[in-house]
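Heads up: the structure comes next, in structure tokens.
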Amino acid sequence: SRAGAESPLDPAPGRTEHPLHAPPDDVPTPMNFSALSPAHGWALVFIAWLVAAVSTLAALFLGEVMGHAPCVLCWYQRICMFPLVPILAAGLFPFDRRVARYALPLALAGWGLALFHWGVASGLIPERITPCSQGVPCSAEPVVWFGFVTLPMLSALAFSSIIALLLLTHFKVSK
């Protein structure tokens, strides 16, 4: 081959990758969240719905089947989580990225309650300032897995993941 001669397979001037191996310009790369398609948005809302549905079923199972009575803060978190199941489902069929506008206030309220409850259960917040004056104390931890995973922690993680998925849907899915 001649020195300085360009092959038809060489990258175009200014391009660093080989043209046969370059991704198409209209397909987002795996870690490129600059613009997601409606199909990606549907998947994000579906995953948020799945988290809400599993959380709802787990709360009902623990309360109704296992017999663990919820405290007042648990009830407030349920009030925020349970409606997310039909709200997120309504945003899936047909897909409506604006579902985040309706679901985010509930998810944010539940997240705040879950963080507060987690603080009470872990002893960071004194129980005397909680609404749990009667019935099950808010500091009670009836279920602890692996020595550190508590129900308030799982609730905070569930709300956090729903919020993250909804924010990605709202800001990154193309209109």
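The values are calculated or read from the model by the stated rules, or taken from the named source; none is laboratory data. This is a predicted model, so every value here is computed, not measured. Virtual Cβ from ideal backbone geometry, glycine too; neighbours counted across all protein chains shown. Surface areas here come from the heavy atoms of the whole protein model, side chains and all, with no ligands, DNA or RNA. Shrake-Rupley method; radii C 1.70, N 1.55, O 1.52, S 1.80 Å.
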Notebook entry, point to check: Across region 60-78, what is the total count of residues that are part of a helix (DSSP H, G or I) and either over 17 Å from the mean Cα position of the chain (by Cα) or surrounded by fewer than 17 Cβ atoms within 10 Å (Cβ to Cβ) (or both)?
Noted result: 11
Next item on the list: Assess whether LEU115 counts as being surrounded by fewer than 20 Cβ atoms within 10 Å (Cβ to Cβ), at pLDDT 95 or above and under 22 Å from LEU165 (Cβ atoms).
Entry: no
Margin query: Kindly evaluate ARG101 against the criterion of being within 15 Å of LEU167 (Cα to Cα), in contact with a Gly (Cβ under 6 Å, 6 or more places away or on another chain) and of a type outside the set (A, V, I, L, M, F, W, C).
Written below: no
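Identify, please: which residue in region 95-109 is part of a loop (DSSP other than H, G, I, E, B) and of a type outside the set (Phe, Trp, Tyr) and is, among those, most open to solvent (accessible area, probe 1.4 Å)?
The initial filter retains those residues of region 95-109 that are part of a loop (DSSP other than H, G, I, E, B), namely 95-98.
From what's left, of a type outside the set (Phe, Trp, Tyr): 96-98.
Details: ASP96: 47, ARG97: 38, ARG98: 114 Å².
The residue in question is ARG98.
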Notebook entry, point to check: Among all residue pairs at least 6 apart or on different chains, which show Cβ distances below 6 Å where the first residue, located in region 35-58, is closer than 14 Å to LEU157 by Cβ and open to solvent by less than 70 Å² (accessible area, probe 1.4 Å) and the second is in a helix (DSSP H, G or I) and of a type in the set (S, T, N, Q)?
Noted result: VAL51/SER161
Margin query: For region 54-82, which positions are at pLDDT 90 or above, of a type outside the set (Val, Ile, Thr) and more than 17 Å from TRP118 (Cα to Cα)?
Written below: LEU57, ALA58, LEU60, PHE61, PHE82
